[in-house]
Amino acid sequence: MIVERFSRGLSCFGVQLLVVLTCTLTALTAHAQTNPKHFFWAPGQPNTPAPSSLANDLIYHGGNAGPGAIGVETKPATYLIFWGAEWGSGFSTADANGRAYTSQQLQTYVQSFLGNLGGSSWAAIQNEYCRNVPAGSTSCTDLAGADFITNPKNQLKGVWTDTTPVPDDIVTLGLAENLADDPLAMEAIRASAHFNYDPQATYIILTPPKTVGTGQPVYCGYHTQTTSVNGIGNPYRIQYSFIPFLNASWPVLGNGGCGMNSVNLVSDDFGHGVFDSYSIVVGHEYAEAVTDPDNFASVQDGWNDAQGSENGDKCAWVHLGNVPMANKTNFAVQPLWSNKTFDVTGDGCVRSAPTKPHAMPPVGITPPAVDICMTLGVCPPGVAAGQPMPVNMAYFGGGVQVSPKIYVVYWGWGMPGAFDHTAVGKPANDPDGVGALIKRFVAAIGGTSWANIQTQYFQSNNNGTYTNIGNPSQQLTGVWHDDASPIHDNLSPLDLAREAAVAAKHFNVTDFANAQIVVATPQEFNDAGFNQNSYCAWHDFTTPISYPGVTPGMSFVNMPYILNAGGGCGKDFVNPAPSGDLDGVTIVLGHEIEETVTDPGAESSAGQVQYGGWFDYQGWENGDKCAWVGDGLQIPGAAFNMIGNDGGAYPVQTLWSNKSLSGVGYCSRGF
């Protein structure tokens, strides 16, 4: 958080440093001057952001405040430091109900939080921000040269318990505007030496229980950056955050002043509840350091608003909730600010990214838990990969495709560089036969017993009546080769949504409620997530928030060139090589098509409007629940060769049927 300069008789700059900084600031008048430390104040403290902070966008301030400025952390990483002898000897703390927990449990909780936030939809909120764009920008969309923040998995790069002594008055010292000999800055420098220096990382320092100054304002943490000016101060610039012991007895506010048990009122064995404060505060500081890391002579040059508030400040202490993260974990967090959402809805505080396609994972990876976990505030455990996901799907109020119409656009397949090879007897724009297989498969789906599984699911007509999904024999409605619209590798979801809109216009689609656009891309031009082996494909639904400027209310499928993923996306999964080399094409495409039929809204919602149709309490759709069952072994519910309406055999996965096993539900081949 950015606050006004404050002087409570605490340690300040030396005279020599003041002179140097004064000269430096003269050259930085284009930036707003702020406090070197960005405090996260406890609820109700006088320095919390004003309501006016909720009425404007974050602004990019240029990313050029002094040598070594980075603007944002494009590849976020964290290093966790438990500083103090008490972490070695151990201590205990109690929750709001008096239940005792150990310092080891606290350490495990924080490590798990930082270790699992990478790749989550919550951490993806900041992916809309970037660097290398003009100062004053409020959006990075379509700006040439924009270098976006990414959301890699496994962002926690190291953990260190440093048992050297911590000053007893460290909580009070943390309030000081001291850049030259701040003990916390020195600890951050020691940590960077211990781990090795990483300019894209935030070094997060936690201290054990220490004395809290009487009457001092209650802050729960801060982030800042070490500073060096003409050799005065610290040897180099790194981002670091200080998290004091949060469950302390704070003046006036008591033990819950920084969020203990604020989301989970009853603590569990892992520490959800008693350690809510830690995921809320650490998450706040992590996100602000990623989007606004630089601090050169009290100048912030990343993303903050006209009041100096950052993406965490603007949503501090509102709409707290549990969000799902990797490995079926969930943690209490605050929302983060999204310019993209604010510009459409007027409320920028969100707990998940505006654009979050529903992805099919690679072989051997259990599908991720998504939106519904946030809605319910809990995220029950899943099962091992290769097994069906138990518990039936439920209807969440959105539409289904009662009369499915499937349009396929082959984007860029005939463009130069689309493929790196040719094959005798095959066209240059389809050397492996994948394009032809896609067309045959989609044409063969309608009327099959496999597609008939979907007919048990329905939608509300909002008048007391319901309509079930149909299974017409002709579901392939249009095919188009688009070799005119520019294409490139490492496509974004917005690129794919725009191409789907181009295709919808070409096909003159009017019945968007029943239409889905399959955007198939060639060997050399695919989306960035697929290229990173993050998933096999995905489907999504366009809203003004998720895909600004794109036709709203459109269901579309991102179908990458599956052969690039080999066995990771189904090669030889049903049939032996070489006949099974294209198995993954129909398995993955069938998965996405049938999920779109039953959940065309892809679990999306806007305020009280629910677009999502059928999925389970973890957000798993009918394809997710049966994805890669058996891991290639022929067990009940495993993938198989479906006989299409043309008499051909097409490898597909099973689909979840609520009716199977007398209503218990299971993965079905059809009926």
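Structure data summary
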item	result
Whole-Å semi-axes of the ellipsoid equivalent to the range 97-223 (Cα gyration tensor, √5λ, descending)	32, 20, 17
Given charges at Cβ of Lys, Arg, Asp, Glu: the range 44-188 dipole, positive-most of Phe91, Gly119, Thr172	Gly119
Exposure ranking of Thr477, Thr521 by accessible area [1.4 Å probe, largest first]	Thr477, Thr521
Exposure rank, largest accessible area first [Ser485, Ser262; 1.4 Å]	Ser262, Ser485
Reachable lysines, given that their alpha-carbon falls under 21 Å from the alpha-carbon of Lys328 and they are not under 8 places away in the same chain	Lys153, Lys157, Lys356, Lys625
Sequence of Glu603, Glu128 from largest to smallest accessible area, 1.4 Å probe	Glu128, Glu603
Distance between the range 256-286 and the range 66-139 - C-alpha centres, whole angstrom	13
Calculated log₁₀ intensity ratio I(q)/I(0) where the Debye formula runs over C-alpha points of the range 467-563, q = 0.18 Å⁻¹	-0.87
Projected-area average for the range 509-634 over all orientations - Cα convex hull basis, square nanometres	9.1
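The values are calculated or read from the model by the stated rules, or taken from the named source; none is laboratory data. Source: prediction; values computed, not measured. Heads up, the Cβs are rebuilt from the backbone with ideal geometry, glycines too, and the neighbour counts pull from every protein chain shown. What goes into the accessible areas is simple: the full protein's heavy atoms, side chains included, and nothing from ligands, DNA or RNA. Shrake-Rupley method; radii C 1.70, N 1.55, O 1.52, S 1.80 Å.
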